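The values are calculated or read from the model by the stated rules, or taken from the named source; none is laboratory data. All figures in this text were calculated on a predicted structure; none of them were measured in a lab. Using ideal geometry, Cβ is built from the backbone for each residue, glycine included, and neighbour counts are taken over all protein chains shown.
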Amino acid sequence: MFRPKLLDTLKDYNRQQFIKDIMAGLIVGVVALPLAIAFAIASGVSPEKGLYTAVIAGFIISVLGGSRVQIGGPTGAFIVIVYGIVQQFGINGLIIATFIAGIILIIMGIARLGAIIKFIPYPLIVGFTSGIALIIFSSQMKDFFGLRMGEVPADFTDKWQSYIGNFQSVNIYALLIGAGTVAVIALWPKVTRKIPGSLIALFITTAVVQWLHLPVETIGSRFGSIPSSFPSPVIPDIDFATIQKLIAPAFTIALLGGIESLLSAIVADGMIGGNHKSNTELIAQGIANIFSSIFGGIPATGAIARTATNIKNGGRTPVAGIVHALTLLLIILFIGKWAALIPMAALAGILVIVAYNMSEWENFISVAKGPRGDVAVLLTTFFLTVLIDLTVAIEIGMVLAVFLFMRNMIKFTDVNILTGEHTDKEEGRDKEAVSNYAIPKDVEVFEINGPLFFGAAYKFKDAIRFIKKPSRVFIIRMRYVPIIDATGIRTLREIHKESKSRGTTLILSEVHSKQVIDELRSARLLFAIGKANVTDTFARALRRSDAVINEVRSERKLY
């Protein structure tokens, strides 16, 4: 359940791979620097908190994680939820929510829920990811255009109304810095992919602003100097009342972190031909978030873009992730103070690119052209994320996806009357069709096709109403019933009870599924119906029907 990949990779580790890991780690550490600062500022916290998170969480995720190449740290996906928590509960509330989220992630890993998270509907993921991307883009307009305005409203519509109302205050220098950053990041890959475009853009824009003394806001002018040391660890004071207030956002952090980390690990597996350990990864993510919160950091998870950068530069073991964290630590200790010179417009330009890459607009359009149920989940999650809240979006999106799945499952469950004036739909193709057998006059045959669960049980009840008069024997064919739940058990029990009161013998035919047999046995329904009345073939069900009818006739002759 918990075995870090680091232990597996060190068995056949060599000097050549060590050099590759060091180079990849150095490059990813440099790539992570502007992103960690930008994500922290966009989340409503000071820039150093993003750096602390990248170092502490990045180190722990690499040492204890279940992926060979996963790079952990703050990501754009958390911006929306972190900003909302900070606005509502303050920095202390964020620290406690992150701490609780870490505990939840550990519990999820211990409970082996790693595989389950992989099955979260794709339209739901695309919906909230695209929604987050739009919110990130919207949150950067003040700094991108250098607008002279007060605090940016949290609400999406209020935010844009405020932008429009203050648009006359555009700082042309900030706009040029922001647009120049976007242009450099977009065009730099044509020069080389070894050095990240975001870093080049920061160097160029910072140098231009300082050299020309441009009147634009910088990290230093807004937040002051960046500390060159780590804060002391502080375990948050948590009581039951605090847990009640923060459990919902903490659960959202945990779910979002689990989803993104495992998605990143899956993408990484595809790139290196590996196989990550999902439950180990969840536990590592939980431990990383606990320690991040203790040092005043923000939520962390696996970062897809940084993980891909690690792989492309030769990283193949967790050593690269460890080097990435140590690189950031050295930057903080020795040259972190120079980060205060970075223009806010440049960070806004970086986040505009992040939002564009995160939007997955091609996937959004592809899902929007798909089945109506997927479109409903996609648009519901997207608009709720943008207009209401990410927590609400995930909750309602999941509920909607489950209901739509149930509806589709119900469509696959069929209940057919196969005797009397009704015919077997499969009689031309099915060797075991009822039409191939001689059915006694006093026998009624039903067949259930598909799962007999609470969503489909009503179909069975409705079908039984078509029986005009009680028959001597009532056969239910269950050869195509893979699963049954408590509602299905209850429905069969009611039918058995009603049949018994009418003097009808109930026979269950072709119960092949082990799950169905186990549920019938544990509910003692097999005992109630009688072992002789549960058959493995339809032919035996008919022979049992003949025996029951003959017994009834014999009893009549006696009386």
Could we say that THR192 is under 30 Å from VAL30 (Cβ atoms) and hydroxyl-bearing (Ser, Thr, Tyr) here? yes
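Among residues belonging to segment 266-289 that are part of a loop (DSSP other than H, G, I, E, B) and either in contact with a strand residue (DSSP E or B) (Cβ under 6 Å, 6 or more places away or on another chain) or touching a residue at least 24 places away in the same chain (Cβ under 8 Å) (or both), point out the one that is nearest to ILE100 (Cα to Cα). Break it down into steps so the answer makes sense when it comes.
Here is the first cut: in segment 266-289, the residues part of a loop (DSSP other than H, G, I, E, B) are 273-277.
Okay, now just the ones that are also either in contact with a strand residue (DSSP E or B) (Cβ under 6 Å, 6 or more places away or on another chain) or touching a residue at least 24 places away in the same chain (Cβ under 8 Å) (or both), so 274, 276-277.
Details: GLY274: 31, HIS276: 25, LYS277: 23 Å.
Once the filter is applied, the top-ranked residue is LYS277.
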Working only within segment 228-248, note down all residues that are surrounded by 13 or more Cβ atoms within 10 Å (Cβ to Cβ), more than 30 Å from LYS337 (Cβ to Cβ) and either out of contact with any Gly (no Cβ under 7 Å at 6 or more places or on another chain) or β-branched (Val, Ile, Thr) (or both). ILE238, THR242, ILE243, LYS245, ILE247, ALA248
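Given PHE119, PHE99, PHE128, which one is more than 30 Å from PHE230 (Cβ to Cβ), within 23 Å of the chain's Cα centre (by Cα), in a helix (DSSP H, G or I) and of a type outside the set (A, V, I, L, M)?
On inspection, the qualifying residue turns out to be PHE128.
Hey, among TYR437, TYR458, which residue is of a type in the set (Ser, Thr, Tyr), at pLDDT below 85 and within 20 Å of VAL534 (Cα to Cα)? Break it down stepwise before answering.
On the way: TYR458 fails: within 20 Å of VAL534 (Cα to Cα).
Only one candidate passes the filter, namely TYR437.
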All but one of (1) part of a helix (DSSP H, G or I); (2) in contact (Cβ under 8 Å) with a residue 12 or more places away in the chain; (3) closer than 15 Å to VAL323 by Cα; (4) of a type outside the set (D, E, K, R) hold for GLY93, so report the exception by its number. (3)
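Which of the residues belonging to segment 66-93 are β-branched (Val, Ile, Thr) and in contact with a Leu (Cβ under 9 Å, 6 or more places away or on another chain)? Give the steps one after another, and end with the answer.
At the first step, the residues of segment 66-93 found to be β-branched (Val, Ile, Thr) are 69, 71, 75, 79-82, 85-86, 91.
Result: THR75, ILE79, VAL80, ILE81, VAL82, ILE85, VAL86.
Given the criteria modelled with pLDDT under 95 and more than 26 Å from GLY220 (Cα to Cα), does ALA77 qualify?
Working: modelled with pLDDT under 95: yes; more than 26 Å from GLY220 (Cα to Cα): no.
No, not satisfied.
For segment 290-368, please list each of the helices (runs of 4 or more DSSP H) lying entirely inside it that holds at least 1 residues being more than 30 Å from TYR173 (Cα to Cα) and out of contact with any Pro (no Cβ under 6 Å at 6 or more places or on another chain). Full working, then the answer.
Details: elements: 304-312, 318-334, 344-359, 361-368.
Counting at least 1 such residues, we get 304-312, 318-334, 361-368.
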